[in-house]
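What follows is a short report on a single structure.
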Amino acid sequence: MAYYLGRDVSVKIKAGDDVGANTDGTVDFDGSSPAFASVAGVSVSDLTGCDLGIGVTDEDITYMGSKTVLKAEIKKETTITLTRKKKDNCWDAIFNADARWGVKASDGGLVSGLEAPDVTSGVTFGYQVEITLKASTEVFKVPNACITGHTVSLNADGTTEETIEFISYEDPVIATA
C-alpha cells in the first residue's frame, strides 16, 4: 500500500464516453462539460490524497491424510482511494445515480453491473484511473475499475472532504507518460 499527497501526484479518470453530473444530481452524458471522466481523461482537481493498494486473496486447502497445506491464489485486486476537497456534487451523483460501473460505448447509457463486458456490442466496463507522480514520467494505469465506495467527511471548522474508492481485478499497467 502506498499513500501519496495530492501535491505529489496527478490523477486522471478515463471512460468510454464523457461522464459528468448536473446540478440536480443526475448523470450527464452530453459531453458539454465532463466533470468526472472522459475519453481523453479528466484530471482530479483539489486532490488531497491518493491511496494505492495492491492485494492478493489466497485460500488454504488441506487434504485429508496430508500434512502439507496448499495455498491457492484466488484473485488479485488493486484499490485506489482518492480524497479531494468537496466543491460540487459530481462524485455524489456518479455514486448515487448508478454510474459506478461506467458507461456503454454504443449508446452512452449506464452499465447496470449485471451485463457482461463485450467490446463488440459496445458494453464496456468501468473506468481507467491513471496516477502520475509529478517528479516522474511513469504512469500507473488501472483499467476496468468500478466505484465501490463514496464518503463525505465534515469537520468542526467546516472544511469538507470527499473520498471515492475504485477497485479493479485487472492487472495494472506501468508505462511512460
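The values are calculated or read from the model by the stated rules, or taken from the named source; none is laboratory data. Keep in mind the model is a prediction, meaning the values are calculated, not measured. Here the Cβ positions follow ideal geometry from the backbone for every residue, glycine too, while neighbour counts run over all protein chains shown.
Within the set of pairs 6 or more residues apart or between chains, which connect a residue that is surrounded by fewer than 19 Cβ atoms within 10 Å (Cβ to Cβ) inside the stretch 1-30 to a residue that is among the basic types (Lys, Arg) with Cβ atoms less than 8 Å apart?
Between residues of the stretch 1-30 that are surrounded by fewer than 19 Cβ atoms within 10 Å (Cβ to Cβ) and residues that are among the basic types (Lys, Arg), the close pairs are Gly6/Arg84; Arg7/Lys134; Asp8/Lys134; Ser10/Lys134.
So, of the residues in the stretch 3-48 that are more than 18 Å from Ala135 (Cβ to Cβ) and acidic (Asp, Glu), which turns out to be modelled with the lowest pLDDT?
Asp30
Can you tell me which residue within the stretch 149-177, out of those that are of a type in the set (Val, Ile, Thr) and either outside any strand (DSSP E or B) or within 17 Å of Lys12 (Cα to Cα) (or both), is modelled with the lowest pLDDT?
Per the stated criteria, the residue is Thr159.
Might you check whether a residue that is surrounded by 19 or more Cβ atoms within 10 Å (Cβ to Cβ), assigned to a strand (DSSP E or B) and at pLDDT below 90 occurs anywhere in the stretch 67-81?
There is no residue in the stretch 67-81 that is surrounded by 19 or more Cβ atoms within 10 Å (Cβ to Cβ), assigned to a strand (DSSP E or B) and at pLDDT below 90.
If you scan the stretch 49-66, which residues turn out to be in a strand (DSSP E or B) and among the aliphatic types (A, V, I, L, M)?
Leu52, Ile54, Val56, Ile61 - these are the residues of the stretch 49-66 that are in a strand (DSSP E or B) and among the aliphatic types (A, V, I, L, M).
Select from the stretch 125-148 the residues that are part of a loop (DSSP other than H, G, I, E, B) and among the aromatic types (Phe, Trp, Tyr) and list them in ascending order.
Phe125
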